[in-house]
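Some notes on the structure that comes next.
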Amino acid sequence: MTTTRTTCPYCGVGCGVLATVDAEGAVSIAGDPEHPANYGRLCSKGSALAETLGLEERLLHPKIAGQRASWDEALGLVASVFKSVVAGPGPDAVAIYGSGQLLTEDYYVANKLMKGFIGSANIDTNSRLCMASSVAGHKRAFGSDTVPGNYEDLELADLIVLVGSNLSWCHPVLYQRIVSERSRRPQMRIVVIDPRRTATAEEADLHLPLRADGDIALFVGLLRHLDDMGASAWDFLARSADGADAALLSAREWTIDRVADATGVDAGTIATFYEWFGQTERVVTVFSQGVNQSASGTDKVNAIINCHLLTGRIGRPGMGPFSVTGQPNAMGGREVGGLANMLAAHMDFTPDAVERLGRFWGSTRVATAPGLKAVEMFRAVARGEIRAIWIMATNPVDSMPEADLVRAALKACPFVVVSDISARTDTAAYADVRLPACGWGEKDGTVTNSERRISRQRPFRPAPGEAKPDWWIVSQVARRMGYGASFAYRGPGDVFAEHVALSAFENGGRRDFDLSGLMGAHYADLQPVQWPVRKGGDTARLFGDGRFFTRNGRAKLVTVTPPPPLRPGPHSFVLNTGRVRDHWHTMTRTGLSPRLSAHYSEPFVEIHPTDAAALSIRRASLVRLTSRCGTALVRALVTDRQRRGQVFVPIHWTDQFASNSRIDALVEGRVDPVSGQPALKMGAVQIEPALPRLYGFFIAANRPQRIDAGYWAIARADGGWRGELAWFADAQDWDQWVRATFAIGPDMKIEQATDATHGRRSFAVLAGGRVIAALYVSPDPVPVARQWAAGLLSADNLDAARTLAGRPGSHSADGGAVVCACNAVGVNVIASAIRAGCTTVDAVGNATGAGTNCGSCRSEIRALLAAEAAPLAKATDPSAIWTPGPR
């Protein structure tokens, strides 16, 4: 057995991972107890990484026009088309759209080719959708894109303020570090600022359920309150910051009552938050997509930073503003200039920086002005201004706002290249050339996490088929375009060495990003390290000396004005989009794991019970959402954790997993005027109940290739697939439907059962005691014990009667809907433990294992513990589609 130290490929926490491969090639995953980001902890997604390494969905060979080609043919075609477009319409008629899933070495080479040798800055990345407003806010305040603190500050703080961040689900390991520290120091407080009562809010000491885009008003009011209570650090401001007087003057009118009106939060709760913040020296404010993904995201970031600058709470232990990134290498992409408005090594488009970069790269073609940001880029594709685009490791047909426009743009684009690991994505369907890239476990390089810590991703398995690293693919195209001497890398270590050298080139402490202390470092043995890494070691905390990277060395409080409150019209709702606990982006990786699909197996909309009743929307019925840009069909999750007038829908489902649930197709492409980041977290939608004639649920050993239904959503299960269905037309010829959908031959018998009283029917096909397929149909959401039924796919010696029943009899147990994905513990198992005498979350964990790994399900366990006998009985009904109770 061999064990490799590597880094998780999911969120920006950057957890260390131990990947162990046995003699048969089987991989097991564990957290690295020595990595300073996680100290051995992993979340549900990280724990399930070994389940996502199969080759069933992999792109294994280059393809041109859908046909297998050689690497030489594919690379030659890409190079020749790019050269001809540059020679014809010009450099700005080509573009690269990258991803925070790329390693720093991949990013560096792609940016160098585009900005340094093609001569256009039309390279942007899905990090534009994630962290661009934080970048812009940092630069306005600090003169550089610098995250000043580190994870240790979360454990040293006495008050943690989480703004637009469901940290418990989206960055679980960080959240568990906070919760563990609070268990040692009960005086530590947690404040959550979020329209929804999320799993994170359930654990908070104070929750402010503000209206969408109410953040600026809240923090402008806080700025005034801090000054009124004497918390302004005038000595620090005199030495180290400008703009305080103007920012305070602008904030004078923002009384608590006015803030309450703008945010929808009661004045007493706001006053409590302001008092806690003002009276607590060690405060860390953590912010994420709820802040960034807004048309006023940059102003939100600066409103938060202003409060820390005013009080001097920055650069010291246990305090400061803290932007947590959504992707594993969003920070690394920023370091190498992967955004269209940045040059490499945190340089901007100034004449001296352009000239410096040209001398370093030996190029006279360095781009001199910013390129098109993501939303602008795809609109330019739609207008025909960009004639060739290369998309790397991302899925913009699903993840971009106005996603249908992006799909139409790529369909019409003369030349589309897609580098990816997956053979099935909604974006790859429009590629003229598809290039098979190496995936996690095969790639070799570095990533940088949210605390500026550079860690190695190391390979522990061979690349399958003809897959190649992204840095190699880009370098080969560059060579064929005539730039071979500048792209003669022998491996990723050469790329990293050049990246390090550029960071130090003519720096002298003027730029924040500096890796000069790593010059000559042994790449293979590189240990996790925070930048800047100047000679003498890394720097854990920046700005402690009161010096910043602006021209005059002083920070800037930026005067911001709260926008008008976002209130929906009489027949509209505010749409809030985001993530669920166990899935990642567009599920090209997590969708491979049955365990990660068990908690939420289909797309849904959270809606408040009062709003649902007014619209005649029932629990588990189907709902149609419509905006100016598109429509979506999802399941109703009626819950009071959602504000009235607002709804929440997750971003993950694509045409690969559902019939019509690409939620970003409904979101308009409004962008922040400073950062260019789209307002993906919010939009206006109309909602109406969808009224199918029949609902259905199926299990199948093989993935259906075509589903003839008005609604469908599929997910992996152990041994096969599971799926939800609905039909809006009259009844089917069910024998024909089952045979066509599940590829059942005419020689195989379809068993049937009918419940005429309730209008329900079930169908099953078995062979040798194993389920080939089963279908359950009902006029209402189907009362099948779903987790139990999905388990039949891996069972032997089954009979038709047991399968047709769709629920266990006395001879077997139903674990119920999964609550704990890490240990696959269902709601019924937890309920039984509670009935047996468990009265605390820890006691339930000791009895069942639930909540004992990443802890992100602990709020659900707590909700079950709080339920009385009648609600608990309802919660354990095996017909329940959703895990009950607030999460």
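The values are calculated or read from the model by the stated rules, or taken from the named source; none is laboratory data. Model, not experiment: these values are computed from the prediction. For neighbour counting, all protein chains shown are included, and Cβ atoms are generated from backbone atoms with ideal geometry for every residue, glycine included. The accessibility values were calculated without ligands, DNA or RNA, using every heavy atom of the protein model including side chains. Shrake-Rupley method; radii C 1.70, N 1.55, O 1.52, S 1.80 Å.
Note on the stretch 805-824: among residues that are within 22 Å of I772 (Cβ to Cβ) and surrounded by fewer than 19 Cβ atoms within 10 Å (Cβ to Cβ), the one that is nearest to the chain's Cα centre (by Cα) is R807. For the criterion of being open to solvent by less than 10 Å² (accessible area, probe 1.4 Å) and farther than 20 Å from R567 by Cβ, F236 fails.
Restricting attention to the stretch 270-279, does a residue exist that is touching a Pro at 6+ places or on another chain (Cβ under 8 Å) and open to solvent by less than 10 Å² (accessible area, probe 1.4 Å)? Among the residues of the stretch 270-279, not one is touching a Pro at 6+ places or on another chain (Cβ under 8 Å) and open to solvent by less than 10 Å² (accessible area, probe 1.4 Å), which makes the answer no. Screening G520 on (1) part of a loop (DSSP other than H, G, I, E, B); (2) modelled with pLDDT of 95 or more; (3) at positive phi shows it passes everything except condition (2). Just name the residue that is most open to solvent (accessible area, probe 1.4 Å) out of those in the stretch 676-707 that are within 30 Å of E56 (Cβ to Cβ) and of a type in the set (G, A, S). By that ranking, first place goes to A701. Within the stretch 379-395, if we keep just the residues that are in contact with a Phe, Trp or Tyr (Cβ under 8 Å, 6 or more places away or on another chain) and under 21 Å from G90 (Cα atoms), the residue that is most open to solvent (accessible area, probe 1.4 Å) turns out to be R387. With the structure loaded, tell me whether V220 is more than 28 Å from L637 (Cα to Cα) and in contact (Cβ under 8 Å) with a residue 60 or more places away in the chain or whether it fails that test. Spelling it out, V220 is indeed more than 28 Å from L637 (Cα to Cα) and in contact (Cβ under 8 Å) with a residue 60 or more places away in the chain.
Yes/no per residue for (1) among the basic types (K, R); (2) farther than 17 Å from S240 by Cβ; (3) assigned to a strand (DSSP E or B):
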{"position": "G508", "(1), (2), (3)": "no, yes, no"}
{"position": "D514", "(1), (2), (3)": "no, yes, no"}
{"position": "A524", "(1), (2), (3)": "no, yes, no"}
{"position": "Q527", "(1), (2), (3)": "no, yes, no"}
{"position": "R541", "(1), (2), (3)": "yes, no, no"}
{"position": "G544", "(1), (2), (3)": "no, no, no"}
{"position": "F548", "(1), (2), (3)": "no, no, no"}
{"position": "R551", "(1), (2), (3)": "yes, no, no"}
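Among the residues of the stretch 736-754 satisfying the criterion of being of a type in the set (S, T, N, Q) and in a helix (DSSP H, G or I), which is nearest to the chain's Cα centre (by Cα)? In this case the residue turns out to be T741.
Residue count for the stretch 758-791 under the criterion of being of a type in the set (A, V, I, L, M, F, W, C), crowded, with 22+ Cβ neighbours inside 10 Å and assigned to a helix (DSSP H, G or I): the result is 2. When V161 is tested against (1) under 22 Å from the mean Cα position of the chain (by Cα); (2) open to solvent by 30 Å² or more (accessible area, probe 1.4 Å), just one condition goes unmet, and that condition is (2). Those helices (runs of 4 or more DSSP H) of the stretch 1-115 in which 2 or more residues are on the phi < 0 side of the Ramachandran plot, open to solvent by 50 Å² or more (accessible area, probe 1.4 Å) and of a type in the set (S, T, N, Q) occupy 71-87. In the set A201, A141, A231, A217, only one residue is within 23 Å of F549 (Cβ to Cβ) and of a type in the set (G, A, S); that residue is A141.
When we screen R589, R581 for residues that are of a type in the set (D, E, K, R), crowded, with 24+ Cβ neighbours inside 10 Å, under 20 Å from L129 (Cα atoms) and in contact with a Ser or Thr (Cβ under 9 Å, 6 or more places away or on another chain), the only hit is R589. Identify all residues within the stretch 236-281 that are basic (K, R) and either outside any loop (DSSP other than H, G, I, E, B) or closer than 17 Å to D194 by Cα (or both); write none if there are none. Matches in the stretch 236-281: R239, R258.
Of the residues that sit in the stretch 355-375 and are out of contact with any strand residue (DSSP E or B) (no Cβ under 8 Å at 6 or more places or on another chain) and outside any loop (DSSP other than H, G, I, E, B), which one is surrounded by the most Cβ atoms within 10 Å (Cβ to Cβ)? Checking each candidate, the answer is W361. Would you confirm whether any residue within the stretch 473-490 is farther than 26 Å from T3 by Cβ, in a loop (DSSP other than H, G, I, E, B), among the hydrophobic types (A, V, I, L, M, F, W, C) and under 27 Å from the mean Cα position of the chain (by Cα)? No, that holds for no residue. In the stretch 52-69, the residues that are closer than 15 Å to D420 by Cα reach residues that are assigned to a strand (DSSP E or B) and open to solvent by 50 Å² or more (accessible area, probe 1.4 Å) with C-beta atoms within less than 6 angstrom, at least six apart or across chains, in these pairs: H61/R68. So is D398 open to solvent by 10 Å² or more (accessible area, probe 1.4 Å) and either closer than 30 Å to S144 by Cα or in contact (Cβ under 8 Å) with a residue 60 or more places away in the chain (or both) or not? Taking the combined requirement at face value, the residue does not satisfy it.
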